[in-house]
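The values are calculated or read from the model by the stated rules, or taken from the named source; none is laboratory data. Given the structure is predicted, the values throughout are model-derived calculations rather than measurements. In this analysis, Cβ positions are derived from the backbone assuming ideal geometry, glycine residues included, and neighbour counts consider all displayed protein chains.
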Amino acid sequence: MNYKRSSGIILHPTSLPGPDGIGDLGPEAYRWVDFLAGAQCGLWQVLPLGPTGYGDSPYQCFSAFAGNPYLVSPALLMQDGLLKREDFADRPVFLPDEVDYGRVIPWKLTLLDRAAERFQKMADGDLKKEFKTFQEEQADWLPDFALFMAIKESQGGIGWNQWPKPLRGRDPKALQAFSNENQSCIQRQILRQFFFFRQWQSLREYAHQQGIHIIGDIPIFVAYDSADAWGNKELFYLDENGQPTVVAGVPPDYFSPTGQLWGNPLYRWDVHRESGYAWWIRRIKATLKLFDIIRLDHFRGFAGYYEIPFGMPTAEIGTWVKGPGKDIFEKIQQALGDLPIIAEDLGEITTDVIELRDSFNRPGMKILQFACGGDATEPFLPHNYPVNCVAYTGTHDNDTTRGWYESAPEEETDFCRRYLARSGDDIAWDMIRAVWNSVAVFALAPMQDCLDLPTAARMNLPGRLGGNWSWRMKADDLSPRLQARIKEQNTLYRRTVGPEKSVPPKIPTY
């Protein structure tokens, strides 16, 4: 793919402000798009948008195809006539700067259930026609996902490996009996997906009108407790009881001295190969309906992946195993054409990973925070960047730039100051300037760096259980001054985008 020199900001929708305890796809999301357009940014990068499960991580979702119902905007549901002002009378008081998932989830599900009940009572109309069309278009994954979630709800939320054996093993008679007895619950799950996809597509269309493209993530692995693993056991290394025999992770590295034990089931690539990678082609095709550009997370896993025996307490014991290599990308390209994919090529990178990336001309990633521990030959330093790469100050897995600088060894911060020819008093913006100034075709920074925030605003600390994914910005963070400062960088370094004129949608206050 040929990309146009551009820039953008990483901000997951959960981090948007709003009154319901978590960012959503409503008024503040449109204000965010307006902010990006006014700053002359052409890119908005988000994390995976799937329904989050264990640890609230967007990288551990209940489905690789479904959307996150917690992102559905109550304001937009009210605009559709599916919620009334009285539905908000019992809204809890939420902190403005963090997501308290334990309080947010029951509140959002209460609102979604109220909206679903009102939807069911509606007479046939345009919205019901849209719903019928949505189900027809998503028929290859939606019924199975809704069934999975309905069973999970009936079982108190436990993982599918703990369900009664007939349901765990997908006995056809047991599934049919459950479906017959729980149609309202299944329908509720389908409606949540309809609400999400309808709102996301409207927001995405609005972003396109403003000249903004959305970069979204495909995690290489799926969660064990997911509709994908439950419904496609033959595609994964699972034993006769459905338990994983080996799981995914990475060995000890920069992020964690004991490695990262992700716990995801590993693919049986031989089975995928026999099908022509049909499941992967479906997955990427579905993702391209959500995003304009895909960031393929843990790209190195396609060349070789780290296999950890199931039951290990850490990722320190494991084996590198050869991945599918070029074969999978050739099949995907034959099916879908040349795709807009960014290779997340961080971590332990070997020559086979570089060859795989370059043979398909995929831009890799450069993280400036990683650049200050060596010398002038360090590939993460801007003067060594190729044009065909995506440069970042840091990502969702890094500390904020200010937090990194305040905790890094003196030899690293000294190198950083000398390289940038700056005092370090405004380090986040010094590094933003260096990334924007580079030849990299795309330059991005987390919103936390644009706001010059400390470690407390970090989105994720790999390997930490709990306390991640909760940062939110405040409504007044989107100031004219900040917008002008970002626009100045885009103007100075020829990263501006000219948006088309558009009219913001009218959304009720509540």
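Quickly run through region 372-389 and pick out the residues that are closer than 16 Å to Asp414 by Cβ and in contact (Cβ under 8 Å) with a residue 24 or more places away in the chain.
Hits for region 372-389 are Cys372, Gly373, Leu381.
For region 313-324, indicate whether the set of residues that are among the charged types (D, E, K, R) and more than 24 Å from the chain's Cα centre (by Cα) is non-empty. Break it down stepwise before answering.
Of all residues in region 313-324, those among the charged types (D, E, K, R) come to 316, 322.
Now narrow it down to the ones that are more than 24 Å from the chain's Cα centre (by Cα): 316, 322.
Within region 313-324, one or more residues are among the charged types (D, E, K, R) and more than 24 Å from the chain's Cα centre (by Cα).
Could you go through region 84-93 and let me know if any residue there is in a helix (DSSP H, G or I), under 23 Å from Pro13 (Cα atoms), out of contact with any Pro (no Cβ under 9 Å at 6 or more places or on another chain) and at pLDDT 95 or above.
no
Select, from Ala315, Ala335, the only residue that is surrounded by 15 or more Cβ atoms within 10 Å (Cβ to Cβ) and within 19 Å of Pro252 (Cβ to Cβ).
Ala315
Against the definition (of a type in the set (A, V, I, L, M, F, W, C), touching a Pro at 6+ places or on another chain (Cβ under 9 Å) and surrounded by fewer than 20 Cβ atoms within 10 Å (Cβ to Cβ)), how does Ile349 come out, yes or no?
Judged against the criteria, Ile349 is not a match.
Please work out which one of (1) free of Cβ contacts under 8 Å to residues at least 12 places away in the same chain; (2) touching a helix residue (DSSP H, G or I) at 6+ places or on another chain (Cβ under 9 Å); (3) outside any loop (DSSP other than H, G, I, E, B); (4) among the acidic types (Asp, Glu) is the condition Glu330 fails and give its number.
(2)
Taking region 241-254 as the search range and keeping residues that are more than 19 Å from the chain's Cα centre (by Cα) and either among the aromatic types (Phe, Trp, Tyr) or within 30 Å of Asp171 (Cα to Cα) (or both), which one is surrounded by the fewest Cβ atoms within 10 Å (Cβ to Cβ)?
Asn241
Looking at region 9-33, which of its residues are of a type in the set (D, E, K, R) and either part of a helix (DSSP H, G or I) or buried (at least 24 other Cβ atoms within 10 Å of the Cβ) (or both)?
Result: Asp24, Glu28, Arg31.
Mind checking whether some residue in region 459-478 is modelled with pLDDT of 95 or more, of a type in the set (Lys, Arg) and farther than 19 Å from Trp32 by Cα?
no
Please report, ordered by residue number, the strands (runs of 3 or more DSSP E) entirely within region 334-433 with at least 1 residues that are within 30 Å of Ser275 (Cα to Cα) and at pLDDT 95 or above.
Strands (runs of 3 or more DSSP E) meeting the threshold: 341-343, 364-367.
For the list (1) touching a residue at least 24 places away in the same chain (Cβ under 8 Å); (2) out of contact with any strand residue (DSSP E or B) (no Cβ under 6 Å at 6 or more places or on another chain), I need the number of the one condition that Ile10 fails.
All conditions pass for Ile10, except number (2).
Could you identify the single residue in Gln189, Gln199, Gln138 that is over 30 Å from Leu266 (Cα atoms) and modelled with pLDDT of 95 or more?
On inspection, the qualifying residue turns out to be Gln199.
Filter region 103-124 down to the residues that are of a type outside the set (A, V, I, L, M, F, W, C) and at pLDDT 95 or above and list them by number.
Arg103, Pro106, Lys108, Thr110, Asp113, Arg114, Glu117, Arg118
Would you mention how many residues in region 166-196 are surrounded by 17 or more Cβ atoms within 10 Å (Cβ to Cβ), farther than 28 Å from Glu234 by Cα and not aliphatic (A, V, I, L, M)?
Of the residues in that region, 5 qualify.
In region 228-251, what residues are free of Cβ contacts under 8 Å to residues at least 60 places away in the same chain, more than 24 Å from Gly67 (Cα to Cα) and touching a Leu at 6+ places or on another chain (Cβ under 9 Å)?
Correct list: Tyr237 only.
If you check Gly373, Gly394, Gly364, which single one turns out to be surrounded by fewer than 19 Cβ atoms within 10 Å (Cβ to Cβ) and touching a helix residue (DSSP H, G or I) at 6+ places or on another chain (Cβ under 6 Å)?
Gly373
When you check Arg204 against the structure, is it under 26 Å from Arg295 (Cβ atoms), assigned to a helix (DSSP H, G or I) and charged (D, E, K, R), yes or no?
yes
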